[in-house]
Amino acid sequence: MTFVSLAFMVFVAVAAALYFTIPVSKRWIVLLAASYVFYFINSRMLVLVLFVSTLITYLTAGKIAGIAAAGKNYLKENNGVLSKEEKKKYRADVKKKSRNALVLGTVVMLGILAAAKYYNFFAVNVNLLLVRIGFTLPRLNLLLPLGISFYTLQAVGYMIDVYRGKQEPETNLFRFMLFMSFFPQIVQGPIPRYRQLADQLYEGHSFDLQRILSGIQLILWGLMKKLILADRVGAIVSGIYDFSDSYTGLILFAAGALYGVQVYADFSGGMDIARGVSQIFGIELELNFRQPYHSSSVEEFWRRWHITLGGWMRDYVFYPLSLSKTFASLSKKSRERFGASFGKKLPSFLSMFIVYFLVGIWHGPNWKYIAYGIWNGIFIVCGILFAEQYASVLKKCGIDEETESWKFFRMFRTFVIITFGRYFSRAAGLFAALRMFKNTFIHWYDLSWITNGSLTAFGVNTANWAVIIVGIAVVLWVDHLHEKGIRIRERISAQPLVFRWLIYIGAIVCILVFGIYGPSYNAAVFIYEQF
Amino acid sequence: MSKNEKRNGFGGIIQKCIFILLLLVSVCAVNRNLSNADKRTYQAWSGFYSERNNSLDAVYIGASNVYPFWAAPVAWHDTGNAVYPLSLPGLPARAIKYVMEEARKTQPDALYILSLNDFKDMNYSVPQMHDTADYMKVSGTKYRMIKDLSAHASSEADPLEFAFPFVRYHSRWSELSTIDYVYTSSGLKAASTYRLFLANSNKVTDNYTETEQTVVLNPEQQEVLDDLVDYIREESVHVLFVIAPQAIKNESTVAQLNMIVKILEDSGYDVLNLQSSADEIGLSRLIDYYNENHLNVHGCLKFTRYMERYLQEHYHFTDKRGMAGYEDWDQSYDLYREVIDPFTLDFERADAERDYSLLSPPIVSVDKDAQGNLVKWTPVANAKYYDIYRRTRDVSTDTYMPWEKAGSAEGNADQYLDTENVLPDTEYWYTVVPVREEGGTILYGHFNYTGKKVMTGQMAPRNVSLRSENDVPVIYWDPSDTADGYAVYRKLNGQQWCRIAEFAAEDSDCVYYDYYTEPGLPYLYSVGTYTYRNYTTTYGGYDQKGLLWNPQGLQAPVLSGQMMEDGNRDILWEDIKGADYYNVYRMDDTGKWKLIKGEIGPSVQRCIDRQVLETAGEYTYRVSAVLKYGDEEMEYYSQPLIITEEDK
C-alpha cells in the first residue's frame, strides 16, 4: 500500500473518519492503530522489528531519565552532606551511567540498522581481504524493515535529547509507539524531533474542513509531482543510466540533471503527501525541502535538501564532534603546525567531512553512496576553506555578488556540481559513475542526441516530453513563488470559487490522465523509500 | 457569519455536492474517452440495449466469429427476421453465459444462437475482458462475469480497472483521435463496417484442416461447457449452437469442436456445424476470407443468406417487415447499403443465382485511353458474356463510390473500352464478372473483388468531327466541362503530331478552321484538352487515330525503269508525300495485275523484279501509293510502265 495507491487514499479516509468520530482525548489511539496497521500491511511481521526498536528506545530513554532523576534526587537529599568534590564526582558517575545507557541503546539501535542494511556490504568488502586466508563471512538475506533508516535516526535523536536533558522521556509506551510509527512519515521521513511532533500527535485535533482541504491540496500536489513528473522522467533516466556505457557526451549530464528532477519530484512529492495526510489529522510535519535548486552553494543546497536529515546530522554528529575534546586538542595542535586560521577551522572541516560521509552511507550500503557523500563534502569543505581567497578574487574582478546574473550563475554552478554528484547516487556502481564522468567529456560538443531521436528512444514520445517540460516549468515556478514567500495554497483559497474548482478538478484530471500508474505502467516506488 | 461558517453551513454542503458532481462528471468524461475497449463492442452493446424488450427473434452471441459472418440488416431485408448479433471481439467462451444472461434480461423469449468457435482458445487477456465488459451495463451479471473472468485470465486483473477503465488505458492520452470521442450508435445492428472486412481478400486454403475425429476436451473447455449447458438447462433457454466455417489449421482444435458438437447433440441440443460446409455455403477459401478466422463482406453475404434460410426453415420466425416498431431495422438496411455498396456488386446484394464454376477472369490491365478506360482480361471457360463493373475512389478521403455496371462484353471478348461518363483525373477501379445463363436464369461467377485501378487524365473532347468548308478543313468538337482549354493537333500522314492551335475554353466556339494546309496532301486532325493549374499547363490525351483530311487523294507515283544486264527489272518512282507505303504490281499473262511486292517504304522508292518470265518479252508494272487510315487502305495507282529487252 504505497502513498500513490487508491488503497492508501481509502485507508487515510477511513482513518480520518474514525479519528474525528471518537473523543478528542482518545484520537491518538486511532493514529497508533492506523500506523501499526499501515506498517503491518506493508511489512507484515517486520512490524515486530519496529516494535522492538520502539521498546529499546523507550526503555533506554526511561533508563537515562531514571538515572538522571535518581542522581538529582540523591544530590537533593544529600545537599548538605556531600562535599563539593563528592558532588562533582557523583555527578560524573551519574553522567557516566547515563552515557553508558545511551551508548548501549544507540549501539543496539544502530546495530539493528547495520545488521539489516549494511551487513552484506560489510561482509562483501571484508571478504575481499579474508578470502586470502580462506575465510569468508556469510551473506544474509535479511529483509529491510520499512523506514528503518528514518526511525532509527529518530530514535537515536530522541535518546540523545533525553540524555542531554532537553527532553522529558515519554512514560506511556503506547504514546511513544505512535511517535515512532506515525504512518505518514515512517516511510521516508521527515525525521522528526520528539518535541516538535509528539504533542501534536497526542493532543487530538478537531475537525477543520479548511485544514483538511488544505491537506488534500498538498496531497494532490505531491501526487502530481510523483506520478506525472518523477515517474515519467524516471523512464528516461533509467534508459540512459542502465546503459550508461553506451553513451558519450552531454547526454550523460542531461541524464544526471533529469535524475535530479526525478529525485526532487519524487522525494518532495512524497513529503507533500506525507505532510498533506498529516494535515488532515491536524499535524504539521517539518518541511524537508526549501527550494533546493535556488541554492547558491553546495553547502546551502544541503540546508535546503532533506532538511531534517541535515538538521539531525548537525545536532547529533557535527556539533558533538566539532566541539569534542578530541577535536579541540587536534585544533590546538594544528594551529601550532598550520597556523591559526586553518587550525581553527580544522575541527569543522573534519566534522563536516564525517557528516557527509555518513550522509552518503546513510543512503545505502554501496561505495557509490560513500563517494556521493564525499563528493558533496569536498565541495562544502573547499567552499569554507577558500572562502576568503574566493571573495578576494571576486573583489579584484569587480564582480558584484548582489547582481541577479551573478546569483543565477551561482545557482547554475551549484546545479552543475550537484548534477555531477548525482552520477554517484544513480549509477549502477562507483566505477560506472566514474566511467560516466569520463564519457561525459568525450564528444561533449556533439549535440546530435537532441535531434536524432535518442531522447524519444525510452518509451517517452514527444507528447510525454511536453508533459515533462511543462511539469518541470510548473515545479520551478511554484518553487520560485515559495522562494518569494508567496503561500500558494492560501492564494488559491482566496480565488473565486470557479477558479478554485477549475484548479482542483484540473489537478485531479491531470493526475488521472497524465499520471504514471495502473496496469499499463510499473509505477516506481519512492526513491527514498528504498533508503 | 464568517466565511468558513458560511462554507460549512447548508449552502456549503450544496456547494460541495456540486463540486463532487462536477468532479464525477470530469472523471466519467476522462474514463469514457480514454477507454480503449473495442468500439465494435460499443456498437454491439449500445445497439442491443436500444432494442425494445422482447422484440428480437434471435440473439447471435459470439466473438469476432459472428460479426463478419452475420449481417443482420441484410437478413432483415431478405426475411424480416430480427436476429441481433451480440458479437464482442475477443469474447472469451467463459463469458458467453454471462452475455446471454445479460441479453435475456430484455429478450427472454428470443432464440439464442451461440457460437462455439469461441471454445477454440480458452486463453484470454485482460484487454479482452475490457472489450467484453466495458460497455456492458453495470449489474450483478457484469460483476460476476468480471470476477469469474479475472480468476482465469492470463494476466492479473485489477478489479478497479473495470469500474474505471482509464486506470489501465490513461497512458493513451497522447494517441486519442476523433473516434475516441464519438459515442453514437451506428444504427447498423452491429453489422461489420471494419475496413479489412470490406476491402480485403486473402487466400486461406493453406490454413484449412478438416477432420471428423473427436478428442477429449481439456478440463477448462469441459468446465466452461458444462457451466454453460447447466445455465441453459436451468433457465430453459431456447438455443442453437453454431460453428462458423473458419479456416482452422490445427487438427486437434477441429477435433475438440467436433467433440463439443457431439456432447451437445447427445444432450439433445440443436447444433449447426458449418466448419466443413464452406462449399455448401458457396464460400471460396481463395477470396471470401479476409483472414483465416474472418469472412470478408462477400463471404459474409453468402453466409448470411445460408443462415437466414436455415433459420427460416427450422424456426419459422414471423416476417416483421412493415410491422410497427421495426422501422429502425429498415433504416439499418439502408444505412448498411451505404457501407457495402462500394465493395459489393448489385447481384451479390440482390442474392442473385451464382455459378461458382465460372472462375474469376484475371484482369490483365486497365489503361487510360483518350476516349476512356480500356480494360483487358483473360477470358474464362463457359462465360457467355462478361459484365464490366467500375467504381471510383475519392483519393483525398480514401472513399470508394459504389460499384456500377459499366457495360458488357461478349464471351469471346478480352477487352472493353469504357467511354461512358469517364471523368478526368479520377481513380477508377474495374472488375469483370463472367456470366452465363441456364434455363433462363442468369448465373454470375466469381470475380476479382478488389478489381484493378486506373487513374484517368484529362479526356479528349467528345464528338470531334471534320468538315470541308470552301476546301478548308474545319474541325468541330463538343465543349468539355472539365477542361480549361483545347488543343488542336495535326499531322501529315506518316509524320509526328503537331499542336497547331490552342484555345481557352471560355473563348472557344469549339471549332477550328485550318487555313494553312498544302493542297493535295493528306492531313490527320485531332483535338485534346488541357488544364491550367498552378501556372502549369497539362495536356490531356487525344485521339491518336485522328480524322483524315484527304479531299484530293494522294498523287499517283510516276514510274521509270529499265531492264538490267542480268535480266532483272529495276522500277523506280518519286516519293509521294503522305503515303504510308507502296505496293508494286506486275501484269500477268492473262492481263491481270499481280502484287509482287507490298508495303515498301515509305522511304524506299525502288523495286527490283528478279523473276524471269519465259513467255513474255516485256514486263508491265504499276505502283500504288497507299494511305492507311485505321483498317482502311486507300491506293493511288501510277500509270503502267512497260519494260522490254530493248530497255537494257
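Observations on the model:
- Taken over the stretch B:135-161, the criterion of being surrounded by 15 or more Cβ atoms within 10 Å (Cβ to Cβ), more than 14 Å from chain A (Cβ to nearest Cβ) and in a loop (DSSP other than H, G, I, E, B) is satisfied by B:Tyr135, B:Met136.
- Residue count for the stretch A:294-336, restricted to those that are in contact (Cβ under 8 Å) with a residue 60 or more places away in the chain and either surrounded by fewer than 16 Cβ atoms within 10 Å (Cβ to Cβ) or aliphatic (A, V, I, L, M) (or both): 3.
- Among residues of the stretch A:496-519 that are at positive phi and within 10 Å of chain B (Cβ to nearest Cβ), those with a Cβ under 6 angstrom from a residue that is crowded, with 18+ Cβ neighbours inside 10 Å and part of a helix (DSSP H, G or I), sequence gap 6+ or separate chain, pair up as A:Gly518/B:Val167; A:Gly518/B:Arg168.
- Test: residue in the stretch B:460-467 that is at pLDDT 90 or above and either under 30 Å from B:Tyr356 (Cα atoms) or loosely packed, with under 14 Cβ neighbours inside 10 Å (or both): yes
- Scanning the stretch B:162-191 for residues that are on the phi > 0 side of the Ramachandran plot and surrounded by fewer than 21 Cβ atoms within 10 Å (Cβ to Cβ) yields a total of 1.
- Yes/no for A:Trp375 being within 30 Å of A:Ser238 (Cα to Cα), without any contact (Cβ under 8 Å) to a residue 60 or more places away in the chain, among the aromatic types (Phe, Trp, Tyr) and touching a helix residue (DSSP H, G or I) at 6+ places or on another chain (Cβ under 8 Å): yes
- Restricting attention to the stretch A:269-284, the residues being under 25 Å from A:Gly421 (Cβ atoms) and either surrounded by fewer than 24 Cβ atoms within 10 Å (Cβ to Cβ) or not small (Gly, Ala, Ser) (or both) number 2.
- Here A:Ile469 clears all of (1) within 20 Å of A:Gly260 (Cα to Cα); (2) loosely packed, with under 14 Cβ neighbours inside 10 Å; (3) within 13 Å of chain B (Cβ to nearest Cβ) except the condition numbered (3).
- Test: B:Val612 is in contact with a Cys (Cβ under 9 Å, 6 or more places away or on another chain) and either free of Cβ contacts under 8 Å to residues at least 60 places away in the same chain or surrounded by 18 or more Cβ atoms within 10 Å (Cβ to Cβ) (or both): no
- Residue count for the stretch B:562-579 under the criterion of being surrounded by 17 or more Cβ atoms within 10 Å (Cβ to Cβ) and either among the polar types (S, T, N, Q) or over 30 Å from B:Leu524 (Cα atoms) (or both): the result is 3.
- Flag if B:Ala199 is within 14 Å of chain A (Cβ to nearest Cβ) and either of a type outside the set (Val, Ile, Thr) or farther than 24 Å from B:Val99 by Cβ (or both): no
- The combined condition, being hydrophobic (A, V, I, L, M, F, W, C), at pLDDT 90 or above and in contact with a strand residue (DSSP E or B) (Cβ under 8 Å, 6 or more places away or on another chain), is not fulfilled by B:Ala95.
- Some residue of the stretch A:5-15 being surrounded by 18 or more Cβ atoms within 10 Å (Cβ to Cβ) and within 14 Å of chain B (Cβ to nearest Cβ): yes
- Here A:Thr21 meets the list (1) under 30 Å from A:Phe514 (Cα atoms); (2) loosely packed, with under 13 Cβ neighbours inside 10 Å; (3) of a type in the set (Ser, Thr, Tyr) almost entirely, failing just condition (1).
- Filter pass, B:Val224 being away from every other protein chain (no Cβ under 14 Å) and either under 24 Å from B:Thr253 (Cα atoms) or touching a Lys or Arg at 6+ places or on another chain (Cβ under 9 Å) (or both): yes
- The number of residues in the stretch B:618-631 being farther than 18 Å from B:Leu521 by Cβ and either in contact with a Leu (Cβ under 9 Å, 6 or more places away or on another chain) or touching a residue at least 40 places away in the same chain (Cβ under 8 Å) (or both) comes to 6.
- Given (1) under 31 Å from the mean Cα position of the chain (by Cα); (2) within 22 Å of B:Asn123 (Cβ to Cβ); (3) free of Cβ contacts under 8 Å to residues at least 24 places away in the same chain, index of the condition B:Thr209 fails: (3)
- Residue count for the stretch A:146-203 under the criterion of being over 29 Å from A:Val94 (Cα atoms), polar (S, T, N, Q) and modelled with pLDDT of 90 or more: the result is 3.
- All of (1) away from every other protein chain (no Cβ under 14 Å); (2) surrounded by fewer than 23 Cβ atoms within 10 Å (Cβ to Cβ) hold for B:Leu21 with one exception: (1).
- Qualifying residue in the stretch B:183-190 (condition: in a loop (DSSP other than H, G, I, E, B) and within 14 Å of chain A (Cβ to nearest Cβ)): no
- Enumeration of residues in the stretch B:46-105 that are more than 33 Å from the chain's Cα centre (by Cα), buried (at least 21 other Cβ atoms within 10 Å of the Cβ) and not in a loop (DSSP other than H, G, I, E, B): B:Ala93, B:Arg94, B:Ala95, B:Ile96, B:Lys97, B:Tyr98, B:Val99, B:Met100, B:Glu102, B:Ala103
- Residue ID - nearest to A:Trp501 (Cα to Cα), chosen from residues in the stretch A:198-213 that are in a helix (DSSP H, G or I), away from every other protein chain (no Cβ under 12 Å) and touching a helix residue (DSSP H, G or I) at 6+ places or on another chain (Cβ under 6 Å): A:Leu201
- Exactly one residue among B:Ala72, B:Ala29, B:Ala37 is at pLDDT below 80 and among the aliphatic types (A, V, I, L, M), and that residue is B:Ala37.
- Some residue of the stretch A:122-129 being assigned to a helix (DSSP H, G or I), touching a residue at least 12 places away in the same chain (Cβ under 8 Å), within 29 Å of the chain's Cα centre (by Cα) and within 24 Å of A:Phe318 (Cβ to Cβ): no
- Residue within the stretch A:173-191 that is without any contact (Cβ under 8 Å) to a residue 60 or more places away in the chain and under 21 Å from A:Ile273 (Cα atoms) present: yes
- Of the numbered criteria (1) assigned to a loop (DSSP other than H, G, I, E, B); (2) at pLDDT 90 or above, the one B:Val366 fails is (1).
The values are calculated or read from the model by the stated rules, or taken from the named source; none is laboratory data. The structure displayed is predicted, hence computed values, not measured ones. Quick reminder, even Gly has a Cβ in these numbers, built from the backbone with ideal geometry, and neighbours come from all protein chains shown.
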